[in-house]
1. Taking residue 235 and the conditions (1) open to solvent by 30 Å² or more (accessible area, probe 1.4 Å); (2) closer than 14 Å to residue 95 by Cα; (3) outside any helix (DSSP H, G or I), which numbered condition does it fall short on, given that it satisfies the others?
2. So for the stretch 306-314 (the condition being of a type in the set (A, V, I, L, M) and surrounded by 14 or more Cβ atoms within 10 Å (Cβ to Cβ)), does at least one residue qualify?
3. Can you work out which of the residues in the stretch 249-275 that are closer than 24 Å to residue 195 by Cβ, open to solvent by 40 Å² or more (accessible area, probe 1.4 Å) and small (Gly, Ala, Ser) is modelled with the highest pLDDT?
4. Are any of the residues in the stretch 167-182 out of contact with any strand residue (DSSP E or B) (no Cβ under 9 Å at 6 or more places or on another chain), open to solvent by 50 Å² or more (accessible area, probe 1.4 Å) and of a type in the set (S, T, N, Q)?
5. From 295, 246, 278, 300, grab the single residue that is out of contact with any His (no Cβ under 8 Å at 6 or more places or on another chain) and open to solvent by 60 Å² or more (accessible area, probe 1.4 Å).
6. Here is a check on your reading of the model: is residue 70 over 21 Å from the mean Cα position of the chain (by Cα), open to solvent by 30 Å² or more (accessible area, probe 1.4 Å) and of a type in the set (A, V, I, L, M)?
7. So, in the stretch 252-281, how many residues would count as being within 17 Å of residue 292 (Cβ to Cβ), without any contact (Cβ under 8 Å) to a residue 60 or more places away in the chain and in a helix (DSSP H, G or I)?
8. Need pairs with beta-carbon distance below 7 Å; first residue in contact (Cβ under 8 Å) with a residue 40 or more places away in the chain and at positive phi and within the stretch 297-315, second part of a helix (DSSP H, G or I) and open to solvent by 30 Å² or more (accessible area, probe 1.4 Å); sequence gap 6+ or separate chains.
Amino acid sequence: MALTIVEAARLMWCPGLAQLTGQPRGTIHDWLATGTYAPAVASKSLVLSGIHTQRFLEALGADINRTASAASETLKNIMEIDALPKSLAWPYVKLYYASLFYAHATLRIWGRSPSYFRTLELMPLRNALTAYGVAAPFKVQTGQYLLTARMKAFAVDMLPDSSGGGSHESVWREFHRALSDLQAAVASAPYLNADKKKIEAQLKSLLALISKNGRNLSWPSQMRNDIQYRQAEGVWYPYQGKTKTSALRQEVATLYSGQADFSKLMSGTGTDLAQLRSACTAIICFARGVIADMSAVGGSRSFLRHGQRKFEDAMVDHA
């Protein structure tokens, strides 16, 4: 049976996460606040070593469930818009946010947590640095950071995002970087050549789609800003174009039901708005597949059954 892109994504899974069971508690912010690590410096990063791996996985798992549930609820909101047949502005903004939340969830499944910390939340880390006599290679202050798990080394690397922009831009840059890393992992994996070529082609298309062919790694955020704050793209009254909310609603319903064909979502052509729609739906389809795959591997006690799955089951029960 041919390898799928979702199965190939297992190459990036954070070790131990698929085996996490029960309802995870806390967040990455809570984990950092415990101060239960030994900080050291490695080039431009802080290395937080000697971590309690189960606690860190619990924090990752809780954040995955939180962001995936938020994404699923956002999709549900789109499906319930029907009073204004041509009002597409907020549905597109919601589609963007659903894809952003799913990007967050996918990155955490891969052991990467782009997180915004306030100075108060960083005080336990500052105290640990003082206690160990370590001078951080960057200012430990309010800002966007990337935490990357190295579970086999019982360590987490922490690096500030100094690339500019806000938290959205940071997430999209890291998501693009992670997909590029998956590309490299597939190239060196012991897969059949035919499978490699297919997966590499899909990843190449996805990377191009979400970044305007590599010209703008945070392009989805730019498009959302244009729609939300500049009332651009003709999706606010007076409406331009013939697209109706019913078409987008049906497309989202297909994503929600798991019936979307990922390979067909890669053909992002047409206007910028059409390409944004394709990019968001492709990200959502891919992320939901990754989450479902890890949930299946984890079995009936998987932590993922306490997040998006629980929310969607509740929606069915109340239907």
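The values are calculated or read from the model by the stated rules, or taken from the named source; none is laboratory data. Nothing here was measured: the structure is a model prediction, and the numbers come from that model. Here the Cβ positions follow ideal geometry from the backbone for every residue, glycine too, while neighbour counts run over all protein chains shown. These accessible areas exclude ligands, DNA and RNA; they are computed on the full protein's heavy atoms, side chains included. Shrake-Rupley method; radii C 1.70, N 1.55, O 1.52, S 1.80 Å.
1. (1)
2. In the first step, residues of the stretch 306-314 are kept if they are of a type in the set (A, V, I, L, M); the result is 314.
Applying the additional criterion that residues be surrounded by 14 or more Cβ atoms within 10 Å (Cβ to Cβ) yields none.
Within the stretch 306-314, none of the residues are of a type in the set (A, V, I, L, M) and surrounded by 14 or more Cβ atoms within 10 Å (Cβ to Cβ).
3. In the first step, residues of the stretch 249-275 are kept if they are closer than 24 Å to residue 195 by Cβ; the result is 258-268.
Pick out the ones that are also open to solvent by 40 Å² or more (accessible area, probe 1.4 Å) and you get 258-259, 261, 263-264, 267.
Cutting the leftovers down to small (Gly, Ala, Ser) gives us 258, 263, 267.
Details: 258: 91, 263: 86, 267: 74.
It comes out as 258.
4. Checked against the condition, which is being out of contact with any strand residue (DSSP E or B) (no Cβ under 9 Å at 6 or more places or on another chain), open to solvent by 50 Å² or more (accessible area, probe 1.4 Å) and of a type in the set (S, T, N, Q), the stretch 167-182 yields no hits at all.
5. Working: 295 fails: open to solvent by 60 Å² or more (accessible area, probe 1.4 Å); 246 fails: open to solvent by 60 Å² or more (accessible area, probe 1.4 Å); 278 fails: open to solvent by 60 Å² or more (accessible area, probe 1.4 Å).
Selected residue: 300, the only one of 295, 246, 278, 300 that is out of contact with any His (no Cβ under 8 Å at 6 or more places or on another chain) and open to solvent by 60 Å² or more (accessible area, probe 1.4 Å).
6. Details: over 21 Å from the mean Cα position of the chain (by Cα): no; open to solvent by 30 Å² or more (accessible area, probe 1.4 Å): yes; of a type in the set (A, V, I, L, M): yes.
Here the answer is no, as residue 70 does not meet what is asked.
7. Final tally of qualifying residues: 3.
8. Listed pairs, sorted by first residue: none to list.
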